[in-house]
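Heads up: the structure comes next, in structure tokens.
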Amino acid sequence: MEFRLSQKAVHLRRCMMDAFHLRNATDMIFFNAGQPAVSILPAAMLREVWDDMLTSEPQVLAYPSARGDEEFLQAVAERMDRLGVAPGVKSSQLIATNGGTGAADLLAQLFIDPNDLVLTETPTFPETLDCFYKDYARLAGVPMDEDGPLPDELEKLVKKETPRFFYVIPNFQNPTGRCTSLERRKAIVALARKYGFFIVEDDPYHELSFDAAPPASYYSLAPDCTIYMGSLSKTVAPGVRTGWLILPESVMERAAMLQKATVLSYPAVIHRAMARLLRRPDFDAHVDELRLDLKRRYELLTKHLSAAVHPEQMTWETPLGGMFLWCHLHTGENAMDFATRVRDKHRVAFFPGVCFTPDYTGEEHSVRFTFARQTDEQLAEGVRRIAAALNEKA
Ligand SMILES: Cc1ncc(COP(=O)(O)O)c(C=O)c1O
């Protein structure tokens, strides 16, 4: 029997540098995963929430509606309103998804026809791009600097062709850690209105600032031309697979129909538990603990790097929150060769910059380190190994 694959399955692209097969290697240090340390995940809170919910609300085990559990949508709307991300947003404007990835997939199904142009910042988070790519989007990158995507570069592209949308990660971006300035956000909104495309604002790191809250969201600046993507993967746990979209009313019915035709709905038991978690008075304290933990880890990582690495070898940008350190190699060695050499010989895993580009070209001298989940000893040892690799001849 020949199990002939669909064109879509064949069209999918592989991750450029998958380290999944190494995850059980005990000699490896992982600077590659953007997820909080297991020790800081709110397991005790979740257990309480879960027990209480199943005792007092067993009806949550029934079929949920396609848009997701209403209590969950309300709890998210309240939080988005309170954080100022989406002032006044109503639960009827939200749809629950399987994390940010499920949100990206739903967007792809809703908006992308084969060969449609989708613009993204470059560098950016590649897995979301894969969701758009699998539905045959043409991807093009808008270069950025430390203040975010460059409006002039965006305008050059949209003048030639109106994209379906512009995908952005404004806060503590993956992979660069950059936070788009308010001026840039306003300039990009002005271009969206002038040229008639919408902005997809992917914001899983919003609450993870080291100090000050990030600037006004695109959604709060321009709800008429923004679709907002949220996720609890970074503030609760990636394993809960919980995310959402704030959608324009005009497309909500079709979004719910698509959801029904693909997954029926997402697990209401998880989402109701998330609603209860978000409404607990101690949830904010958990998020505070998490962001301060990330700040401490960032300071530790850069303290070790500053002591061991000469600026002529490598420099790094200063993130104001999140989980990522974007580093620039000055040794002349290609970052893919460097990352492969360090992984195979020195046993530290991290991603070279090219993995974060829409067409897998560019960023030849950048690498991304994460600092979210290693022990203090692993952070120190990882830097020692990276410094040793920088000091030896490639
Ligand atoms: C910017 C961004 N968007 C989306 C995701 C997807 O996460 P999830 O599907 O777990 O919500 C990630 C994960 O690292 C991310 O960094």
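The values are calculated or read from the model by the stated rules, or taken from the named source; none is laboratory data. Owing to the predicted nature of the structure, the values given are computational and were not obtained by experimental measurement. In this analysis, Cβ positions are derived from the backbone assuming ideal geometry, glycine residues included, and neighbour counts consider all displayed protein chains. All accessible areas refer to the heavy atoms of the entire protein, side chains included, with ligands and DNA or RNA removed. Shrake-Rupley method; radii C 1.70, N 1.55, O 1.52, S 1.80 Å.
Quick notes on this structure:
- Stokes-Einstein D for the chain, Kirkwood Rh over Cα pairs, 10 °C, 1.306 mPa s (µm²/s): 73
- Spin-label proximity, Arg4 to region 83-121 - amide N less than 12 Å from point 7 Å beyond Cα toward beta carbon: none
- Sequence of Val10, Val367, Val263 from largest to smallest accessible area, 1.4 Å probe: Val10, Val263, Val367
- Karplus-derived HN-Hα couplings along region 187-195 (A = 6.51, B = -1.76, C = 1.60, θ = phi - 60°), whole Hz, x at Gly and Pro: 5, 6, 4, 4, 5, 4, 5, 5, 9
- Spin-label model distance (nm) - Glu249 vs Thr331, 7 Å beyond Cα toward Cβ: 5.8
- Those residues of region 332-355 whose amide nitrogen sits under 14 Å from the label point placed on Ala388, 7 Å along Cα→Cβ: 342-349
- Mean accessible surface per residue for the chain, computed with a 1.4 Å probe while every protein chain stays in place, in Å²: 44
- Among the protein heavy atoms of the chain, carbon and sulfur supply 53% of the accessible surface, probe 1.4 Å, non-protein parts ignored.
- Summed over qualifying helices (DSSP H, 4 residues or more, each -39500 (n - 2.57)) and divided by its residue number, the chain shows a 222 nm mean residue ellipticity of -12500 deg cm²/dmol.
- Within the straight-line cut-off of under 20 Å between alpha carbons, the aspartates and glutamates reachable from Lys194 are Asp116, Glu121, Asp152, Glu153, Glu155, Glu161, Glu183, Asp224, sequence neighbours fewer than 8 places apart in one chain being disregarded.
- Once the C-beta distance of Asp52 and Arg13 is scaled by a Förster radius of 35 Å, the resulting FRET efficiency is 0.20 to the nearest 0.05.
- Listed peptides 175-181, 106-112, 163-169, 140-146 appear in the order 163-169, 175-181, 106-112, 140-146 once ranked by packing, highest mean of other Cβ atoms within 10 Å at the front.
- Anchor Lys260: lysines whose Cα lies under 28 Å away (excluding residues fewer than 8 positions away in-chain): Lys8, Lys90, Lys134, Lys234
- Across region 42-59, rounded Karplus estimates of 3J(HN,Hα) from the backbone phi angles (6.51 cos²θ - 1.76 cosθ + 1.60, θ = phi - 60°) give x, 4, 5, 4, 5, 4, 4, 4, 5, 4, 4, 5, 5, 7, 8, 9, x, 5 Hz, Gly and Pro being marked x.
- Backbone phi angles across region 256-262, fed through the Karplus curve with coefficients 6.51, -1.76 and 1.60 (θ = phi - 60°), yield HN-Hα couplings of 5, 5, 5, 4, 5, 6, 10 Hz in residue order; Gly and Pro are listed as x.
- Partner lysines whose Cα lies under 28 Å from the Cα of Lys345, excluding those fewer than 8 positions away in the same chain, are identified as Lys303, Lys393.
- Between Leu83 and Thr162, full extension at 0.36 nm per residue minus the direct alpha carbon distance yields a gain of 25.2 nm.
- Each of Ala140 and Val263 was given a label point 7 Å from its Cα along the Cα-to-Cβ line. The distance between the two points is 3.2 nm.
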